[in-house]
1. Determine if segment 238-246 includes at least one residue that is in contact with a Phe, Trp or Tyr (Cβ under 7 Å, 6 or more places away or on another chain), in a loop (DSSP other than H, G, I, E, B) and either within 12 Å of the ligand (Cβ to nearest atom) or under 26 Å from Arg132 (Cβ atoms) (or both).
2. Out of segment 279-304, which residues are within 20 Å of the chain's Cα centre (by Cα) and of a type in the set (A, V, I, L, M, F, W, C)?
3. Conditions first: (1) part of a strand (DSSP E or B); (2) at pLDDT 95 or above; (3) within 13 Å of the ligand (Cβ to nearest atom). Arg282 passes all but one, so which condition is the exception?
4. List the strands (runs of 3 or more DSSP E) inside segment 124-169, counting only whole elements, that have at least 3 residues being buried (at least 22 other Cβ atoms within 10 Å of the Cβ).
5. Does segment 18-45 hold any residues that are among the aliphatic types (A, V, I, L, M), within 8 Å of the ligand (Cβ to nearest atom) and not in a helix (DSSP H, G or I), and which are they?
6. Looking at (1) within 29 Å of Leu161 (Cβ to Cβ); (2) in contact (Cβ under 8 Å) with a residue 24 or more places away in the chain; (3) surrounded by fewer than 17 Cβ atoms within 10 Å (Cβ to Cβ), which one does Asp360 not meet, given that it meets all the others?
7. Which one of these is touching a residue at least 60 places away in the same chain (Cβ under 8 Å), surrounded by fewer than 19 Cβ atoms within 10 Å (Cβ to Cβ) and within 19 Å of the chain's Cα centre (by Cα): Arg43, Arg86, Arg70?
8. Of the residues Asp222, Asp211, which is of a type in the set (Asp, Glu), crowded, with 24+ Cβ neighbours inside 10 Å and within 23 Å of the chain's Cα centre (by Cα)?
Amino acid sequence: MASSSSTADICVVGGGIVGLAVARELRSRHPGAEIVVLQRGERIAAHQSGHSSGVIHAGIYYAPGSLKARLCVEGARRLYEYCDERGVPAKRSGKVIVAAEGGEVPRLDELERRGLANGVPGLKRIGPDELREIEPHAAGVAALHSPNTGVVDFAAVAAALAADFTAAGGRVETGREVRALHAAGGRLSIEHSGGTLDAGKAVLCAGPWADRLAVAAGADPDPRVVPFRGAYLRLRPGRDSLVRSNIYPVPDPDLPFLGMHLTRDAAGEVLLGPTALFVGARDAYHLRRVVPRDLLESLVWPGTRRMMRRFWRTGLVEIRHAVSIRSFVDECRRYVPELRRADVERSSRAGVRAQAIGRDGSLVDDFVISESERAIHVRNAPSPAATSSLALAELIADRVDAL
Ligand SMILES: Cc1cc2nc3c(=O)[nH]c(=O)nc-3n(C[C@H](O)[C@H](O)[C@H](O)COP(=O)(O)OP(=O)(O)OC[C@H]3O[C@@H](n4cnc5c(N)ncnc54)[C@H](O)[C@@H]3O)c2cc1C
């Protein structure tokens, strides 16, 4: 490809759901501005946004006052409205979070407290009988029912956002890998695989590669993104009546993951998962994929070693789930007791979570947005960032306007 130079008022790097929502928001605020999305690879939503569980979260889990709490509740509301307007099928199918045994009830109490504090619509505590009415094959000592949780195909949402952006005069350039950013004279020079873009401001929404771009723009290397692969099983046809909508466990409060759940997705398939296995590539859609640079960067990061020392037992369980369908099924059988090994098969679906890990070994939980000269960096946008994307875009656009 011939090298070229071009200009823009604002450049958004990354054509995942967050970058596209930000580009659309900026375009609607600044109709006369030149706004361009640079996307590595030929497809938009090719990474996390196209490989998620597809759940529209209601906002239950997140610490009150956190960005996740605020932007998930608001984001879900706006996402349902947007899907209605744009004709993207989104279904409020509801969800139950099941305490399988008495020891999990205090953690369920805490989820209820958080959900109510966050203003989650319709959240209700239920007992075993009501649980069976909602999900006839689920069992537990207590549960939370969230009628506002739903499912959607986030890749279809991303496509609609991109279409809005381009219809309003924005430009999406694919096959453009951004490699470096230099700020000088009140402008940014953005080097990419097709040449150079001279931009007034930039927003970096690179998901699994967010830390690398932030460092390339002169920002702090802390936190680093470490990839965790999420694999799924699916219920075999004929056994999918075991699950009506979404059945979730009570998650481990020390981890930012929600635990392995059973989800009837927007296409009607019932998925079990995802696992959360430390892997050697930020795009490890196949288990054996290793990118030496990705692996090395994960291993030399002091936070990874600290995190591994703390969570080695969880790591061993995840390895067991990755190699043994039986152990995967045993985990889900805790809240769906009828589930058998013969009811499931491996799904080809897998996603790689970009989990930011601090130098001190902390698994960064909340969304993290930082700044360098003339640029905004989305440093941590894990689940529920797809649900929250429209609300997150508004917050990021405010920060861009204030630069
Ligand atoms: C297994 C799994 C299950 C999940 N389930 C849910 C769920 O049910 N509900 C929910 O709300 N969220 C869920 N999430 C989280 C959700 O998918 C993410 O929070 C969201 O997709 C993040 O979007 P993004 O745009 O930040 O990142 P991405 O979708 O990863 O996009 C980043 C983009 O940046 C591009 N890029 C990277 N580097 C460069 C570069 N140098 N130059 C140009 N472009 C670049 C990439 O090619 C990519 O297109 C899940 C995630 C995973 C992995």
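1. If we filter segment 238-246 for residues that are in contact with a Phe, Trp or Tyr (Cβ under 7 Å, 6 or more places away or on another chain), which is where we start, we get none.
No, the conditions are met nowhere in segment 238-246.
2. Matches in segment 279-304: Val279, Ala281, Ala284, Leu287.
3. (1)
4. 142-146, 150-152
5. Leu38, Ile44, Ala45
6. (1)
7. On the way: Arg86 fails: within 19 Å of the chain's Cα centre (by Cα); Arg70 fails: surrounded by fewer than 19 Cβ atoms within 10 Å (Cβ to Cβ).
Only one candidate passes the filter, namely Arg43.
8. Numbers: Asp222 fails: crowded, with 24+ Cβ neighbours inside 10 Å.
Going through Asp222, Asp211 in turn, just one is of a type in the set (Asp, Glu), crowded, with 24+ Cβ neighbours inside 10 Å and within 23 Å of the chain's Cα centre (by Cα): Asp211.
The values are calculated or read from the model by the stated rules, or taken from the named source; none is laboratory data. Just so we're clear, the structure is a prediction, and the values are computed from it rather than from any experiment. Every residue, glycine as well, gets a Cβ built from its backbone with ideal geometry; the counts of neighbours run over all protein chains shown.
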